[in-house]
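Trainee: One structure follows; several queries about it will come next.
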């Protein structure tokens with residue numbers, strides 16, 4: 001029932017007695033950070049009206065209300081010389097491994113989602129959300145090409161004043177490599193392992209969409225809903241996010257430099273080659 | 001060059017937004033996966049040639065007394081489903097090697113995760129020194145839906161340290177006498193012995 005800490009000399013995380021992430025200590029900073037899974041109901045629209053189509057393959061159009069999927073997770077902890085892992089089980093269709101390698105200064109989240117239940121007749125769009133006390137003042141940073149980091153401001157646009165009717169979808173942006181928020185004291189970045197959509201819908205928060213199962217077509221040409229039953233029961237997705245936390249300026253390497261190195265190593269990883277060596281002795285191979 | 005161009009063209013096709021998670025029908029995803037697999041297979045020939053050239057060159061350089069032609073062709077294979085803990089060679093071999101090639105211009109430290117069966121494994125580096133390793137279970141869905149074609153229950157984790165820029169390191173992994181896995185981490189202690197003399 002006591003909080004649990006895993007980590008190394010660079011970074012430590014604490015898991016609360018609900019089995020959920022509660023804080024991160026890294027680069028001399030300790031910040032309360034929670035991470036939970038949520039879903040949006042996919043909007044059901046009138047496909048005859050252009051401005052009111054259903055959420056589908058072409059349109060990410062969730063309803064504005066967000067639902068928490070699980071308040072608790074059961075956990076198993078594995079500690080060893082290479083990595084500490086916490087295996088979380090949220091429900092029948094969401095599990096996750098949080099891991100900290102012994103020589104790394106980031107946290108890895110490997111999630112597995114699906115098949116998304118649709119027994120209630122509602123399409124769902126699943127997001128992971130990191131909440132912190134960072135006073136980001138509506139500002140967040142995304143990249144859209146793996147290089148340039150673009151400043152975004154919630155509910156705003158650079159060159160006109162929008163009146164956003166879809167507060168969620170209207171603030172989502174493409175992520176190729178990462179999304180970040182910061183204040184004067186702390187910067188928090190989440191790197192993705194594939195192109196995804198993400199946003200910061202409240203101060204201190206980062207959310208990333210990771211899986212969808214929809215029951216209506218959006219009338220943009222596919223003429224099928226994104227409701228996959230290719231394996232008989234809906235799709236399971238598995239992927240990774242990497243969290244880096246530290247001061248926004250200073251430090252050697254700086255937090256941004258750490259993010260950049262990590263991005264290089266995750267998006268341009270080492271190539272692994274496997275060879276069967278059943279016919280070889282070690283000395284022959286050597 | 002033609003192999004690389006094929007890969008470039010495939011990557012170009014995958015810039016389309018339908019190749020992005022959550023926006024495409026699964027049949028489209030399968031087609032993209034198929035195209036990528038063909039492109040990888042084409043480039044695998046290049047990478048094998050490159051690695052064989054490097055390895056053969058190194059072997060010749062290391063063995064001054066070696067006066068024959070280096071005729072052993074290593075069968076370097078990609079495992080493209082490592083992201084879902086699936087690799088035919090590591091799961092079904094008593095012994096196998098993992099070669100880590102670093103395509104970046106700075107040296108890297110990477111924790112390698114290899115899907116394996118429920119057994120004990122020893123990881124040896126090129127200096128005849130055991131590399132510290134750890135077994136962890138492969139995460140599986142609670143609903144027990146089979147989402148991968150693999151019997152691997154565990155992953156073997158070890159650090160490939162200081163892989164040189166545009167260079168490689170190799171590791172020899174062998175299955176050991178079976179001990180029950182209790183998932184208290186299996187630790188292979190690093191030897192206190194100095195590394196065997198290797199001419200670099």
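Trainee: Tell me the Kirkwood hydrodynamic radius of segment A:112-264 in angstroms, computed as one over the mean inverse distance between distinct C-alpha pairs.
Mentor: Over segment A:112-264, the inverse of the mean reciprocal pair distance is 17.0 Å.
Trainee: For segment A:1-59, what is the largest minus smallest coordinate of the Cα atoms on each principal axis, given in angstrom and ordered from greatest to least?
Mentor: That gives 58, 28, 16 Å along the principal axes, largest extent first.
Trainee: Still on this structure, I have one more. Can you list the equivalent-ellipsoid semi-axes of segment A:67-127, largest first and in whole Å, using the square root of 5 times each Cα gyration tensor eigenvalue?
Mentor: Its equivalent ellipsoid spans semi-axes of 29, 12, 9 Å.
Trainee: Further, regarding this structure: Using only helices, what value at 222 nm comes out for chain A when you add -39,500 (n - 2.57) per DSSP H run of length 4 or more and divide by the total residues, to the nearest 500 deg cm²/dmol?
Mentor: -1500 deg cm²/dmol
Trainee: In vacuum, with every alpha carbon of segment A:1-154 counted as one equal point scatterer, what does the Debye formula give for log10 I(q)/I(0) at q = 0.13, 0.14, 0.19 Å⁻¹? Two decimals, please.
Mentor: Calculated log10 I(q)/I(0) at the listed q: -0.78, -0.88, -1.27.
Trainee: Hey, fewest Cβ within 10 Å first, where do A:40, B:111 land in order?
Mentor: Going from sparsest to densest Cβ surroundings: B:111, A:40.
Trainee: How large is the Kirkwood hydrodynamic radius of segment A:198-286, counting all unique pairs of alpha carbons, in Å?
Mentor: 18.9
Trainee: How large is the Rg to Rh ratio of segment A:91-171 when both quantities use alpha carbon positions and Rh follows Kirkwood?
Mentor: 1.04
Trainee: Can you tell me the alpha carbon radius of gyration of chain A divided by the globular rule-of-thumb value 2.2 N^0.38 Å?
Mentor: 1.09
Trainee: Next question. Just want the ordering: A:144, B:47, A:199, from fewest to most Cβ atoms lying within 10 Å of their own Cβ.
Mentor: A:144, B:47, A:199
Trainee: Quantify how strongly other chains surround peptide B:83-92 by giving the mean number of their Cβ atoms within 10 Å of each of its Cβ atoms.
Mentor: The shielding value for this peptide is 3.
Trainee: Report Rg(Cα)/(2.2 N^0.38 Å) for the protein assembly as shown, keeping two decimals.
Mentor: Against the empirical 2.2 N^0.38 Å value, I get 1.03 for the protein assembly as shown.
Trainee: Quick check: the angle from helix A:255-267's long axis to the longest principal axis of chain A, C-alpha only, nearest 10 degrees?
Mentor: 90
Bear in mind these aren't lab numbers, they're just calculated from the coordinates by the rules spelled out. Bear in mind the structure is a predicted one, so any value in this text is a computation, not a measurement. FYI the Cβ positions are ideal-geometry reconstructions off the backbone, even for glycines, and counts take in every protein chain you see.
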